[in-house]
Amino acid sequence: MALQQRPPIESCCPDGFQYMHPIMRKNYGNWAYHDDPRPGVLRHVANDGDQVWTVRAGTQRILDLYTLRQLCDIGDQYGEGYVRFTIRSNIEYMVADEAKVVPLINALEDQGFIVGGTKNSVTMISHTQGWLHCDIPGTDASGVVKAMMDELIDEFRNWNMPNRVHITTSCCQINCGGQGDIAINVQHTKPPKINHDLVANVCERPSVVARCPVAAIRPAMVNGKPSLEVDEKKCICCGACYPPCPPMQINDAEHTKLAIWVGGNHSNARSKPTFQKLVAAGIPNNPPRWPEATAVVKQILRAYKEDARDWERINDWVERIGWPRFFERTGLPFTKYHIDNWRGARKSLNASTHIRL
Ligand code: SF4
Ligand code: SF4
């Protein structure tokens with residue numbers, strides 16, 4: 001008898017079409033336009049005249065089961081049973097009947113959710129969530145987001161900004177942290193501290209040496225044990241050696257800081273993609289409310305709101321007024337640390353196994 005293989009129970013992403021609102025499925029790829037009747041709501045109009053409204057509410061991304069059920073119950077009771085999550089962790093309800101929009105918004109707001117995040121608002125801050133699942137976080141990025149969005153709630157609910165604002169955070173300095181109009185990223189300021197008793201047992205030394213982008217790590221014998229040493233003059237405090245070698249601890253309550261970067265834009269819809277630039281460094285990594293980082297973000301948003309022209313994203317605004325005026329307008333201090341005068345790349349990056357210039 002032929003052996004029957006057990007089919008996989010769960011494999012990869014399920015087909016999204018089965019979960020789409022029927023009007024969206026029917027008109028897939030066949031939309032004429034959309035408009036914005038009110039903050040948090042989009043009306044999508046298909047070429048054949050079909051219409052569907054999407055209502056967007058912010059969530060904290062890391063959702064407990066109770067909140068998820070609550071959100072789904074609202075969708076069943078006041079919507080038409082269809083939801084999706086946006087890439088910035090907002091939940092969106094789809095309804096084909098305009099009369100359902102206001103009761104749906106009221107139900108969401110009555111239960112403590114906020115509706116908004118569309119058009120020229122500050123939408124939900126996207127964040128990495130390494131504090132829960134990763135091995136190298138230096139801060140709780142989701143906590144930073146919660147503290148910050150509590151203070152930016154009116155900017156989420158209203159269309160106050162010249163154009164949309166995307167803010168991102170990350171919980172370490174090197175990996176999946178984002179680039180956005182404003183990015184709050186971890187900044188290590190001291191080289192790793194090495195626990196030489198553990199290195200030989202825990203770390204694969206050649207791969208740690210190869211991991212360093214500036215070739216600052218060398219094998220060494222310390223107290224008769226094989227270990228590693230760091231040339232602190234070369235080290236750029238990136239933290240890349242910490243994931244493959246946890247005894248090279250770089251997170252530090254005092255010396256791990258936050259830095260704020262401005263003007264990153266992935267899109268090339270109207271202008272070329274742009275890299276973000278550092279505008280504030282050495283900000284205390286100060287849980288549970290991170291007031292210093294929030295104050296800097298609010299300073300930047302205030303200046304952008306007052307000074308930018310309609311439709312200018314933050315990078316367009318800075319491009320027009322120039323960086324010196326950006327610092328004047330925001331009131332952020334311009335320091336020697338903003339000047340990119342690092343000349344080691346050609347020599348030291350060539351020394352690593354990975355990067356060749
Ligand atoms: S940003 Fe860094 S710490 Fe956070 S999840 Fe990504 S790799 Fe992990
Ligand atoms: S990997 Fe980064 S933190 Fe580690 S020694 Fe090299 S430059 Fe310094």
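Couple of notes before you dig in:
- Heavy-atom SASA rank of Phe275, Phe113 (probe 1.4 Å, accessible area, largest first): Phe275, Phe113
- Between the residues Phe113, Trp31, Trp290, the greatest Cα displacement towards the positive end of the dipole of the chain, with unit charges on the Cβ of Lys, Arg, Asp and Glu, is found for Trp290.
- Under-5 Å amide H pairs with Leu258, H placed in peptide plane, nonlocal only: Gln187, Gly282, Ile283, Asn285
- The orientation-averaged projection of the convex hull spanning the C-alpha atoms of the range 145-257 amounts to 9.0 square nanometres.
- Taking every Cα-Cα distance in the range 1-103 and sorting them into 5 Å bins starting at zero, the pair-distance distribution P(r) comes out as 2, 11, 18, 21, 19, 11, 6, 4, 3, 3, 2, 1, 0 percent.
- Both numbers refer to the Cα atoms of the range 81-212; Rg and Dmax are 20.3, 68 Å.
- With the gyration tensor restricted to C-alpha atoms of the chain, the semi-axes of the equivalent ellipsoid amount to 42, 29, 19 Å, longest first.
- Spin-label pair Ala269/Leu198, simplified geometry with 7 Å Cα→Cβ offset, distance in nm: 4.6
- Qualifying chymotrypsin sites (Phe, Trp or Tyr not before Pro) for the range 1-71 [loop in DSSP, other Cβ within 10 Å: at most 12]: Tyr28
- Compactness relative to 2.2 N^0.38 Å, alpha carbon Rg of the range 1-53: 1.89
- At most 12 other Cβ within 10 Å, DSSP loop - GluC sites (Glu not before Pro), the range 189-242: Glu204, Glu232
- Relative to its Kirkwood radius, the Cα radius of gyration of the range 46-115 gives an Rg/Rh of 0.98.
- Taking all protein chains together and rolling a 1.4 Å probe, Cys203 ends up with roughly 10 Å² accessible.
- Beta bridges by DSSP in the chain, antiparallel share as percent, to the nearest 5: 90
- Applying a 4.7 Å cutoff between beta carbons, the unpaired cysteines of the chain are Cys12, Cys13, Cys72, Cys134, Cys171, Cys172, Cys176, Cys212, Cys235, Cys237, Cys238, Cys241.
- Max mean-square fluctuation residue, GNM over the chain, Cα-Cα springs under 10 Å, options Lys234, Lys336, Lys190: Lys336
- Per-residue [θ]222 nm for the chain (sum of -39500 (n - 2.57) over DSSP H runs n ≥ 4, rounded to 500): -7500 deg cm²/dmol
- Calculated log₁₀ intensity ratio I(q)/I(0) where the Debye formula runs over C-alpha points of the range 277-341, q = 0.25, 0.27, 0.30 Å⁻¹: -1.14, -1.23, -1.35
The values are calculated or read from the model by the stated rules, or taken from the named source; none is laboratory data. This structure is a prediction, so every number in the text was calculated from the model and none was measured. Using ideal geometry, Cβ is built from the backbone for each residue, glycine included, and neighbour counts are taken over all protein chains shown. Areas reflect the complete protein model, heavy atoms only, side chains present, ligands, DNA and RNA absent. Shrake-Rupley method; radii C 1.70, N 1.55, O 1.52, S 1.80 Å.
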